[in-house]
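Report on one structure; see the data block that follows.
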Amino acid sequence: MAKTFPPLLERQLARARRGREDGSVDMDRLLDMVASAYEDMDSERRLSERALNLMEKELRAVNERLREEAEALVKTILSNVGDGVVIADEQGIIESVNAAIETTFRVPADDMIGRNLASLMPSPRAGDPDKYISDSLNTGIPHVLNTTIQTEAIRSGGEVFPIELSVGELLRADGRRFVGIIRDITTRKAAEAEILRARDEAEAASRAKSEFLSAMSHELRTPLNAVIGFAQLLEFNPGSPLDDEQKMCVDHIMGGGKHLLDLIDQVLDLARIESGQLNILVEDVAVDDIAVQCLQLIAPQALARSITVANWSDAHATVRADAVRFKQVLLNLLSNAVKYNREGGTLTLASDRSEPGWIWIGVTDTGEGIPESLHSGLFEPFNRLGKESSDILGAGVGLTVTKQLVEAMGGRIGFDSEVGRGSTFWVELPEV
Amino acid sequence: MLIRQVLWTDEDGWRDFGPDAPERAADLVLYVAAPAHFRDPLRIDELKARFPGAPIAGCSTGGEILGGEVYENSVAASAVWFDDGAAVIVSEPIDGADQSEPVGARAAKRLDPDGLKGVLVLSDGTRVNGTGLVRGLQGVLATTVPIAGGLAGDGTAFQSTFVDCNAGAPASGRVALIGLYGPGIGVLTGSFGGWVPFGPERRVTRAHDNVLEELDNEPALDLYKRYLGEEAERLPASALLFPLRLQTSDGHSITRTVLGVDEERKTMTFAGDIPKGAVVQLMRSTIERLIDGAEEAAMQITGINGPCLSVLVSCIGRHLVMGQHTVEEVKVVADHLGPDNRQIGFYSYGELSPSGLQGRCELHNQTMTVVTVTER
């Protein structure tokens with residue numbers, strides 16, 4: 001059986017037979033090829049060895065550089081970080097500290113090294129570090145390790161101060177270390193106490209305001225109800241009917257009284273909203289029901305100014321709202337639309353699905369419109385947009401309250417207005 | 001398709017190989033010759049006189065290949081008669097490497113794209129940036145047209161190379177394209193090196209065109225010398241034995257030969273661009289690996305029947321590594337391509353051929369590149 005050689009030698013043999021008709025091997029040629037292959041391999045080996053040596057040196061240099069860079073990075077972080085860092089061995093003996101520790105404890109770093117961690121804690125807590133370490137070593141369950149706790153420490157001079165402490169474990173070739181991060185929280189604790197004090201004060205002020213509102217509500221309404229009640233008695237006293245002049249005077253008393261009562265209600269609403277005492281009960285509310293009720297209520301006022309109220313076209317929609325407040329909102333907008341309309345104008349209440357999930361309800365008047373320069377102050381309280389001296393009654397609180405109510409119900413409010421043509425005030429509420 | 005080959009050597013003068021020439025002028029005469037024959041064109045003139053009226057193109061070399069043999073100081077030619085084909089030779093002068101791309105584009109525009117089956121490129125080897133030249137050619141020629149060829153050589157002198165085409169005397173600073181036309185003409189290519197990387201991968205941190213300045217922020221020449229060890233004493237000659245593997249951002253790699261080193265600026269000049277950011281690695285080879293590489297190049301070409309002209313463009317660096325064994329790489333290619341194949345070729349300063357699966361022509365260094373022309 002013919003002997004087989006490694007592939008390289010087989011190829012060389014084939015080449016050494018090339019051109020020889022008897023298939024014999026040209027030994028000179030073969031030896032020449034084999035010799036050059038040896039030389040080649042020797043040269044390759046030298047190059048490979050050289051490359052390996054160089055790569056090893058380069059790797060060592062890279063390793064050294066990375067180590068130095070890592071050390072420099074740690075050093076820079078430790079010397080610049082505001083928290084104190086302390087590294088201790090398994091016996092709780094401090095091996096190194098950073099600059100912030102010196103500042104926090106008012107002890108030079110050199111004096112800290114070699115001391116026990118216990119020396120950083122006030123006497124009732126002096127045993128804690130040893131306990132943390134022994135617990136951790138004995139049970140393997142970290143106590144302070146890998147979490148942050150609040151405790152106390154003691155400065156040189158004896159001042160006990162609050163700290164936040166977290167401890168990490170560092171496994172090194174020469175044993176285990178514990179790295180403690182200590183944050184002096186004296187300032188933060190003082191600030192927290194200040195915040196608590198301010199909150200208590202604010203709550204007390206708020207309670208006082210509520211009490212004042214409640215008292216004012218009672219104190220204002222009681223006499224006002226008496227005024228309105230007795231005026232009504234005067235008006236409907238069949239025993240001694242009023243003459244025309246007396247009737248006009250009583251009408252003035254009643255009109256003024258109702259207006260004042262209305263105003264008090266609105267101001268109280270505003271105060272309640274601002275003090276967060278407005279209770280809103282959001283439920284499913286049928287838009288058509290509220291709209292129809294409101295239009296009925298506004299009809300007499302509209303009639304008095306010969307304003308045509310357009311027919312309501314059913315929305316067949318249910319929104320998420322507080323029914324009472326929703327009605328208050330619509331009445332307010334409708335009332336404005338009557339007040340600021342022109343004599344004999346029209347008033348339209350309409351609805352639409354403005355975008356998926358929302359119902360748009362708009363009140364359109366044919367009044368003189370609102371100049372653009374006044375748009376920005378429209379929802380601000382006590383802003384009457386220059387109508388202060390007109391004969392239209394109001395205190396400039398209605399729209400502010402309306403806006404707050406709409407937003408409290410999770411809705412949106414806005415308006416479009418064109419001078420000379422009128423305005424549309426609209427609200428959008430989430431559809432059920 | 002009929003191929004007749006002629007060879008002039010010091011020892012034997014003119015010799016002819018292959019079938020008799022038909023009465024009509026050859027459709028293409030492709031020749032290669034040692035640089036000395038371009039400086040004293042007596043033999044080239046004799047060659048041209050033997051093939052009157054034929055389109056003729058040739059170039060200077062770092063060693064001539066004909067019929068499975070490698071020659072020095074010779075003139076070797078292949079004359080081709082197609083059954084129904086033609087070769088059109090165009091050329092453009094080139095003054096400097098920075099003109100390579102526009103010159104490539106201008107030359108390519110002079111070839112009629114209609115029916116073009118392949119383009120053989122013979123380019124000046126010292127005044128051309130091969131990468132730019134290929135870019136210029138590709139910008140004009142259809143992607144379906146194979147482009148292959150090489151950069152002329154000047155032995156190991158790297159001084160001046162020559163390209164000859166049709167009219168006028170052979171000249172330095174010229175790019176010639178041979179456009180092949182004909183219904184049955186087929187052009188196939190194969191290219192392979194046989195080099196293996198060694199040492200760590202390095203990133204090119206500073207480079208300008210084909211001049212490499214820094215690797216991993218260290219002067220490139222310092223690093224190169226350090227890894228070459230005693231071989232560095234024979235620089236720049238030994239640089240041909242240690243090319244760089246260049247890995248581009250798209251993940252494919254090509255081999256780049258060192259053309260020269262600048263000891264003062266510690267830079268290295270390559271036979272192709274070295275883009276900044278690319279990853280490079282030193283390469284080395286052995287005679288056996290290079291021979292295997294040549295066979296691999298030939299094996300990339302399959303399905304050839306009948307007469308075939310193959311143009312072998314191998315790198316001068318391979319010639320230097322293989323020395324007297326150079327002929328082995330030519331023989332393995334000839335063996336693989338079969339008895340109907342006629343080889344002509346040269347040792348070059350850069351090979352042009354499609355690479356890998358992408359099939360786009362590229363400048364290669366240190367490869368054996370094989371281009372076959374057949375007619376069915």
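Assorted remarks:
- Between the amide H of B:Gly68 and those of B:Gln343, distances stay under 5 Å, these residues lying 5 or more places away or on another chain, with hydrogens modeled in the peptide plane.
- Amide H partners (placed H, <5 Å) of A:Ile182, local residues excluded: A:Gly84, A:Val85, A:Val86
- Between A:Glu274 and A:Ala2, residue separation times 0.36 nm minus the direct Cα-Cα distance comes to 87.2 nm.
- Cα-based radius of gyration of chain A once divided by 2.2 N^0.38 Å, which approximates compact folds: 2.05
- 3J(HN,Hα) along segment B:129-145: 8, x, 4, x, 4, 4, 4, x, 5, 5, x, 10, 7, 5, 5, 7, 8 Hz, from the Karplus curve 6.51 cos²θ - 1.76 cosθ + 1.60 with θ = phi - 60°, whole Hz, x for Gly and Pro.
- Calculated FRET value between A:Thr103 and A:Leu137, using beta carbons and R₀ = 35 Å, to 0.05: 0.70
- Given A:Lys57/B:Lys225; A:Lys247/A:Lys339; B:Lys48/B:Lys331; A:Lys247/A:Lys327; A:Lys189/A:Lys209; B:Lys109/B:Lys276, the pairs whose alpha carbons are separated by over 26 Å: B:Lys48/B:Lys331; A:Lys247/A:Lys327; A:Lys189/A:Lys209; B:Lys109/B:Lys276
- Summed over all non-identical Cα pairs, the Kirkwood treatment of segment A:283-430 gives a radius of 15.4 Å.
- Value of [θ]222 nm, deg cm²/dmol, for chain A, DSSP H segments ≥ 4, -39500 (n - 2.57) each, nearest 500: -17500 deg cm²/dmol
- Segment A:48-92 versus segment B:104-179: alpha-carbon centroid distance in Å: 55 Å
- Seen from B:Ala334, the other residues with C-beta closer than 12 Å to its C-beta sum to a net charge of -3, counting Lys and Arg as +1 and Asp and Glu as -1.
- Using θ = phi - 60° in the Karplus curve 6.51 cos²θ - 1.76 cosθ + 1.60, the 3J(HN,Hα) couplings for segment B:91-107 round to 8, 9, x, 9, 8, x, 4, 5, 8, 4, 5, x, 5, x, 5, 4, 4 Hz; x is entered for Gly and Pro.
- Proximity of backbone amide H atoms, modeled 1.01 Å from N, is registered between B:Val258 and B:Leu244 at under 5 Å, excluding neighbours fewer than 5 places apart on the same chain.
- Kirkwood hydrodynamic radius of segment A:1-120, Cα pairs, Å: 21.1 Å
- Rounded Å value of the spacing that divides the Cα centres of segment A:217-240 and segment A:278-350: 29 Å
- Equivalent-ellipsoid semi-axes for the protein assembly as shown (Cα gyration tensor, √(5λ), whole Å, largest first): 98, 48, 21.
- Whole-Hz couplings from phi, Karplus 6.51/-1.76/1.60, listed for segment A:403-419; x for Gly and Pro: 4, 5, 5, 4, 5, 5, 8, x, x, 10, 9, x, 7, 10, 8, 9, 4
- Of all DSSP beta bridges in chain B, antiparallel share, percent nearest 5: 80 percent
- Estimated dipole of segment A:169-283 in Debye, rounded to 20 [Cβ of Lys and Arg +1, of Asp and Glu -1, Cα centre]: 1160 debye
- Label reach from B:Ala171 (point 7 Å along Cα→C-beta): in segment B:116-136, amide nitrogens under 14 Å belong to B:124.
- Legend: ranking of residues B:Thr144, B:Thr205, A:Thr103 from fewest to most surrounding C-beta atoms inside 10 Å; resulting order B:Thr144, A:Thr103, B:Thr205.
- Most mobile of A:Ser217, A:Ser373, A:Ser417 in a GNM of chain A (Cα contacts under 10 Å): A:Ser373
Read-outs: derived from the displayed coordinates by stated rules, not from any lab. As the structure is a prediction and not an experimental result, all values here were calculated from the model. Positions of Cβ are backbone-derived with ideal geometry, glycine not excepted, and every protein chain shown enters the neighbour counts.
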